[in-house]
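**Student:** Let me give you the structure first, and then I'll get to my questions.
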Amino acid sequence: MCPTDPSAMLSPTEVLEEPAVRRALSRMAREIVERAAGHEQLVLMGIRRRGDHLAALLKEEIDAAESADIPIGVLDITLYRDDLGTVGSIPQVGETQIPSGGIEGRTVVLVDDVLYTGRTVRAAIDELLDWGRPSRILLCVLAERDGRELPIQADVVGASVQTGPGERIEVRVPELDDRLAVDRIVVEGGEA
């Protein structure tokens with residue numbers, strides 16, 4: 001989703017600042033437990049790069065509220081992407097980490113930062129099913145925007161953000177960006 005020329009990006013506008021993101025995560029954690037009818041069979045799987053960091057924050061919320069220790073894992077979807085040939089000659093492949101109890105027969109919550117085209121989620125589901133057969137998969141995203149290319153819809157959403165031509169939505173996490181926020185970025189003359 002990065003433009004080819006970073007200098008074409010204008011300065012970001014914060015859509016959600018840290019307190020708003022934390023409130024959204026708290027609400028999302030409660031909604032996840034509600035949709036799963038409890039925490040006993042839950043497994044959180046963050047999609048690598050920012051979804052894994054958000055999954056860790058959701059785990060903290062659920063664990064505190066439910067006096068639980070929810071299993072958590074990470075999916076690296078690099079080799080499952082349908083645009084692998086366009087991401088560079090040598091893609092950076094990270095490690096997928098499935099919790100020790102596995103995912104078989106569990107309610108797996110896929111956690112991602114932004115739902116845009118739906119292609120990342122499709123790749124994540126493909127990989128997840130290679131590791132086992134959950135009883136149910138829920139999709140949880142901090143931000144969703146328009147522009148879906150596949151019929152994929154989130155079950156739990158932090159914020160829906162309307163975008164115009166040339167606009168992108170990016171989630172910031174402290175481990176990678178030194179802050180927790182959701183930004184709107186305008187790309188001059190570029191595709192969002």
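None of the figures in this text is laboratory data; all of them are computed from the coordinates on show. These numbers were taken from a predicted model, which means no experiment stands behind them. Note that each Cβ is placed from the backbone with ideal geometry, even for glycine, and that neighbours are counted across all protein chains shown.
**Student:** Return the calculated 222 nm mean residue ellipticity for the chain, to the nearest 500 deg cm²/dmol, obtained by summing -39500 (n - 2.57) across DSSP H runs with n ≥ 4 and dividing by the residue count.
**Tutor:** Calculated from helices alone, the mean residue ellipticity at 222 nm is -8500 deg cm²/dmol.
**Student:** As an exercise, use a Förster radius of 41 Å and the Cβ-Cβ distance of A37 and E188 to find the FRET efficiency, rounded to the nearest 0.05.
**Tutor:** Numbers: r = 47 Å, r/R0 = 1.16.
Computed FRET efficiency for A37 and E188: 0.30.
**Student:** Which percent, nearest 5, of DSSP beta bridges in the stretch 122-192 are antiparallel? Display every interim value, and only then the final one.
**Tutor:** Numbers: 6 of 11 bridges.
Antiparallel bridges make up about 55 percent of those DSSP assigns within the stretch 122-192.
**Student:** Based on DSSP, what percent of beta bridges with both residues in the chain are antiparallel, to the nearest 5?
**Tutor:** Of those bridges, close to 35 percent are antiparallel.
**Student:** For a protection proxy built on the mean count of beta-carbon atoms within 10 angstrom, sort 39-50, 170-181 highest first, please.
**Tutor:** Output ranking for 39-50, 170-181: 39-50, 170-181.
**Student:** Sticking with this structure for a sec: What is the diffusion coefficient of the chain in µm²/s, taking the Kirkwood radius over Cα pairs and the Stokes-Einstein relation at 10 °C with a viscosity of 1.306 mPa s?
**Tutor:** Rounded, D is 93 µm²/s.
**Student:** I've got another one for you. Pick out, from I169, L180, V157, the residue whose Cα sits farthest towards the positive end of the charge dipole of the stretch 125-192, with +1 on the Cβ of Lys and Arg and -1 on the Cβ of Asp and Glu.
**Tutor:** Result: V157, furthest along the dipole toward the positive end.
**Student:** What do the square roots of 5 times the Cα gyration tensor eigenvalues come to for the stretch 152-192, in whole Å, largest first, as semi-axes of the equivalent ellipsoid? Before the final figure, lay out each step's value.
**Tutor:** Values: eigenvalues 77, 60, 12 Å².
Listed largest to smallest, the semi-axes of the stretch 152-192 are 20, 17, 8 Å.
**Student:** Another question about this same structure. Using the charge dipole of the chain (Lys, Arg: +1 at Cβ; Asp, Glu: -1 at Cβ; taken about the Cα centre), state which of T120, T96, C140 has its Cα farthest towards the positive end.
**Tutor:** Comparing the listed Cα positions along the dipole, C140 ranks first.
**Student:** If you don't mind, another one. Calculated FRET efficiency, D178 and L129, Cβ-Cβ r, R0 30 Å, to nearest 0.05?
**Tutor:** 0.25
**Student:** How much length, in nm to one decimal, is gained on full extension between D146 and S160, taken as 0.36 nm per residue of separation minus their Cα-Cα distance?
**Tutor:** The span from D146 to S160 would gain 4.2 nm if fully extended.
**Student:** Something else: May I ask you to derive the FRET efficiency for T13 and E104 from their Cβ-Cβ distance with R0 = 41 Å, giving the value to the nearest 0.05?
**Tutor:** 0.40
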